[in-house]
1. Which members of the range B:99-123 meet the condition of being crowded, with 18+ Cβ neighbours inside 10 Å and at pLDDT 80 or above?
2. How about the range A:114-169: which of its residues are within 12 Å of the chain's Cα centre (by Cα) and at positive phi?
3. Is it the case that some residue within the range B:163-180 is modelled with pLDDT of 90 or more, among the hydroxyl-bearing types (Ser, Thr, Tyr) and surrounded by 24 or more Cβ atoms within 10 Å (Cβ to Cβ)?
4. Given the conditions (1) surrounded by 22 or more Cβ atoms within 10 Å (Cβ to Cβ); (2) modelled with pLDDT of 90 or more; (3) farther than 25 Å from B:THR124 by Cα, report the number of the one that B:ARG271 does not fulfil.
5. Can you confirm whether B:GLU153 is among the acidic types (Asp, Glu) and out of contact with any helix residue (DSSP H, G or I) (no Cβ under 7 Å at 6 or more places or on another chain)?
6. Would you call A:GLN142 farther than 27 Å from A:MET46 by Cβ and part of a helix (DSSP H, G or I)?
7. How do the helices (runs of 4 or more DSSP H) wholly within the range B:25-135 filter down when requiring 3 or more residues that are under 30 Å from A:PRO101 (Cα atoms): which remain?
8. Restricting the search to the range B:143-164, which residues are out of contact with any Phe, Trp or Tyr (no Cβ under 8 Å at 6 or more places or on another chain) and more than 10 Å from chain A (Cβ to nearest Cβ)?
Amino acid sequence: MDAIAEEAIRDPVAPGRTRAVPPDAPVCVEFRDVEAGYDRPVVGPMSLRIHAGEIITLWGANGAGKTTLLNAVGGAARVFRGSIERSASVRISHQHQNPLPIRGIPLSGRELLALTGADPDSLPPVLAPLMRRRLSDLSGGQLQLLQVWACLLAPVDLVLLDEPTNNVDQAGVAHLVTAFQTARKGRAVLLISHDRRFVEAVSDRIVEVVRR
Amino acid sequence: MSWDAIFDPLFFTPFLTGLLFSLVLPVLGMYLRLREEWLAALSFAQLAAAGSLAAAILEAPVLAGGLIVSGAAAAVKTWISRSGNNGYALLMIAGWGASILMLSNVPAADHLGHALFDGQLYFTGKEHLASMAVFLVVAAGALRWLSRPLLLERIFPDFFRANGRSPTRYHLAFDVLIATGLALATAAIGVMASFALVFVPTMIAYQLGGSWKRSMVIAAAASVVTYVVAFEVALVYDQPFGPVMVLAMGLAAALAWAVQRLFRPRIARDRSRGLT
């Protein structure tokens, strides 16, 4: 079992790349020797500090426990050992890798964004028509894009994104990369993705999660 | 068919009472369907009927009996934290069983039992209209507060937990609102007509609506139009209101289904333009 320590992941993604977050930025969430799971621990121990304005990607093979770590921050998975420290004032939005549970619900794109408080005007003009369409009339990729947008640009301090580029075409991924630059103002992002190019385009740090 | 009868002083108060129900029940139904708890409408209506019958047998106020029993069921349901239709199905069975037992063993409850199950809107008075008007105002205010949390919890289920908040107070407020509305409706228009007003217009709106707000308008409009037609038909042909209302709702649902089948491409186009 490989433990992942803060020391091991301090370097930025690409050599020579300027770290976007100042070293004295406030800590948003801190993992301290966290072992997390559901019925039993499936990942960890892991230590990690997430600073305000920082975008961190959890990288690893299927089944390594990346989603479990995200769920542990959101309270949906159990922390068996260690702790996840966060201020009570830290607000969180969480995009799951599963499609939105919208079965038959007559909700428009604009109403979806309004639910999380994301600004509808933040969408690029090419995506604006999605605002007035019913979610169940959208393609899987369009729906995924709106779901990620609703979480990424919500007025929160920490955004948890699980495979945000699933079903999204290259143009959509390019829009997401732009949205990340907007989102980082005041928000931290903890991201899971297997799309290496996307990860390298948006991440300040990549943390490898290894199967226990 | 003359529409003058509706404006006859004898029938105008019942007409207005039913009109308010036809406005507010479908809107409540939108949120019940959102939570996949549409069976709550039938459940609370059955429990309100049982409570009303028990109150009549005990010579207590009938409306209060219905409100107390359905309100208590709402509180218990929130307390045991079970969402979905299973809990409501059990409550509905219990309400139906208790009602039938009371009707079978207490002859004095027979008249009220027929009114509750047949739906005799024409016998409602100003106290029904006043209580319904108050409920309408309360429901409008409550839904302004409840709408976003209920939608948010359904679409982003982890939002409350991730932010250390509990949705229980929203659940309790909504369940009590539904229980009160259904208890009032059952006393005025009967069990099945109340259920039909909650269930059918929302089914139509979920099929046709392009957004949540427009779907609420569609549900309320379908309900009001169907109600007015049912009231007039029942009055002119001297029929009990409840069954006529339920059948009219069935016809409205069939009509909406046919419209959707025939004009599916146009409906999709109108949705994308924000017209439905």
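1. B:SER99, B:MET102, B:LEU103
2. Result: A:GLU163, single match.
3. So far as the range B:163-180 goes, no, none of its residues is modelled with pLDDT of 90 or more, among the hydroxyl-bearing types (Ser, Thr, Tyr) and surrounded by 24 or more Cβ atoms within 10 Å (Cβ to Cβ).
4. (2)
5. Details: among the acidic types (Asp, Glu): yes; out of contact with any helix residue (DSSP H, G or I) (no Cβ under 7 Å at 6 or more places or on another chain): no.
Answer is no for this residue.
6. Working: farther than 27 Å from A:MET46 by Cβ: yes; part of a helix (DSSP H, G or I): yes.
It is true that A:GLN142 is farther than 27 Å from A:MET46 by Cβ and part of a helix (DSSP H, G or I).
7. Numbers: elements: B:39-57, B:62-79, B:85-105, B:110-118.
Hits in the range B:25-135: B:39-57, B:62-79, B:85-105.
8. First, pick out the residues of the range B:143-164 that are out of contact with any Phe, Trp or Tyr (no Cβ under 8 Å at 6 or more places or on another chain): B:144-145, B:148, B:154-164.
Once the filter is applied, which keeps residues that are out of contact with any Phe, Trp or Tyr (no Cβ under 8 Å at 6 or more places or on another chain) and more than 10 Å from chain A (Cβ to nearest Cβ), the range B:143-164 yields B:ARG144, B:TRP145.
The values are calculated or read from the model by the stated rules, or taken from the named source; none is laboratory data. Predicted model, so just to flag it, every value in this text is computed and none were measured. Neighbour counts are summed over all protein chains in view; Cβ atoms, including those assigned to glycine, are modelled from backbone coordinates with ideal geometry.
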